1. Hey, can you tell me all the residues within the range 466-484 that are part of a strand (DSSP E or B) and at pLDDT below 90?
2. Could you tell me whether the range 136-144 includes any residue that is in a helix (DSSP H, G or I), closer than 17 Å to residue 200 by Cα and not assigned by TED's automatic domain parsing to the domain that holds residue 312?
3. Kindly check whether there is at least one residue in the range 67-86 that is farther than 24 Å from residue 244 by Cα and free of Cβ contacts under 8 Å to residues at least 12 places away in the same chain.
4. From the list 330, 375, 351, pick out the single residue that is touching a strand residue (DSSP E or B) at 6+ places or on another chain (Cβ under 8 Å) and either in a helix (DSSP H, G or I) or surrounded by 21 or more Cβ atoms within 10 Å (Cβ to Cβ) (or both).
5. Residues that are under 18 Å from residue 63 (Cα atoms) and either more than 16 Å from the chain's Cα centre (by Cα) or in contact (Cβ under 8 Å) with a residue 24 or more places away in the chain (or both): find the helices (runs of 4 or more DSSP H) completely inside the range 209-309 holding 2 or more of those.
6. When you look at residue 173, is it within 27 Å of the chain's Cα centre (by Cα), modelled with pLDDT under 95, assigned by TED's automatic domain parsing to the domain that holds residue 309 and surrounded by fewer than 23 Cβ atoms within 10 Å (Cβ to Cβ), yes or no?
7. Based on what the data block shows, is residue 322 farther than 26 Å from residue 300 by Cα and in the same structural domain as residue 293 (by TED's automatic domain parsing)?
């Protein structure tokens, strides 16, 4: 049912000088100081929060269920493709490998065009439709243009989409499929934005600039509302909403986390939440002006004039005022800025796909690579509630993610003759295979972690992997199968890892077997002394998400 709210008041407030102006299509920045980031402000004095929360339970899932706090007067003008309401998925195997108890993935891949930019598109295009805009110019590295193209097609708005040449061709083609006029610019993303602005001015076409920042912030804040509601259902039994301890996102311009932060701040102001989450801001190492400025303790970032990353969606060299807002947020509520290389991002994509079955875009790979680093550095603690924005689905980056041997071919055509193996040759081959099999015993009470280690090892070769969930069972299996390697945790119910190691070293049948300890426990000096000379390798949980972990184990078998 369409809702027309004539009493609703929407203004835009300059984040720098706090000048307020009316919300309309002619706004491209603050008329007083020129600031280009404006935030929507609402008169919510008539909104009774308890009644509003109760009414939400009766509404269908989706972004527009929060329409009272979105910049539109008449819901008849909403242009929707079913965006929002994406699941919050609790990680199992990956979380176990990292030693995290509460790792959640906000799966924005499930939006209509496969990215979290669908949120921005529905808010922007709905607002522009309400304002009577019928032609639009946008500059994008991919996801924004695709989302805008889909929603513009639905709204009957003509779209001119400007892309830098570094943007993947498949992204440009997808925007074109929706009917957008695609213009490819040989230059950086910042140069592309400048040319798009000149084009819009020359042709007298509306430029998605001021509205873009408003729509981005207002749309992304709905992710915060959803997360708080979903965590409340998950951790509080639906009795109240809950904020995470950490929200992580890979960024380019930074509007996404600014919007999420605004959403949490609104909920704290409403009295719905009692705290703000810390923010983990991750950038590609090849274009990390925010990370570099934060490392120098500077509130203003120096632009990167020559981005050195192949992840085009993160190649914004000049974050401008967005960084200042994020810097202030981290200073006030906690968090950090960290970078990850393209290689680390692509490795993270493989890890997430093979552990939790989620295939993600490179920008999300950067986010997870940053998560891995934050866990290893002890910034994120085992019991922290962590939410990662899974911003989009895998793009065609197979040449970076997979090596050349990612598939095996079998030719069963009539022209190929299958080799005939003599029986004794087959037996000989089987005997040879049996002699090369390596046996590994994994002793780990977390079944997800044990399953992940087992799967990683079996994928790398013909290893026989046996698992036990506590030390007593582990000792029995070790005596039975006589493995070539034992991988054990330390903290387990019943017989723990320390006792298991002592038992192995005091038994002539087992004292020669290499031992690798994988633990999330911070070892004391006394505990390290106890393990000294008893084990072959000590790895903190989180390490075996890397290729180096596999190589470390395999080297113990050679």
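1. Within the range 466-484, no residue meets the criteria.
2. Checked the range 136-144: no residue is in a helix (DSSP H, G or I), closer than 17 Å to residue 200 by Cα and not assigned by TED's automatic domain parsing to the domain that holds residue 312.
3. The answer is no, given that none of the residues of the range 67-86 is farther than 24 Å from residue 244 by Cα and free of Cβ contacts under 8 Å to residues at least 12 places away in the same chain.
4. So the residue among 330, 375, 351 that is touching a strand residue (DSSP E or B) at 6+ places or on another chain (Cβ under 8 Å) and either in a helix (DSSP H, G or I) or surrounded by 21 or more Cβ atoms within 10 Å (Cβ to Cβ) (or both) is 330.
5. Output list reads 210-235, 255-270.
6. Considered against the rule, which asks whether it is within 27 Å of the chain's Cα centre (by Cα), modelled with pLDDT under 95, assigned by TED's automatic domain parsing to the domain that holds residue 309 and surrounded by fewer than 23 Cβ atoms within 10 Å (Cβ to Cβ), residue 173 comes out as no.
7. Criteria not met by residue 322.
Matching residues to (1) free of Cβ contacts under 8 Å to residues at least 60 places away in the same chain; (2) buried (at least 19 other Cβ atoms within 10 Å of the Cβ); (3) out of contact with any strand residue (DSSP E or B) (no Cβ under 9 Å at 6 or more places or on another chain):
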site	(1), (2), (3)
11	yes, no, no
16	no, no, yes
33	yes, no, no
37	no, yes, no
45	yes, no, yes
59	yes, no, yes
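The values are calculated or read from the model by the stated rules, or taken from the named source; none is laboratory data. Keep in mind that what you see is a predicted model, and the values were worked out from it rather than measured. Positions of Cβ are generated from backbone atoms using ideal geometry, with glycine treated the same way; all protein chains shown enter the neighbour counts.
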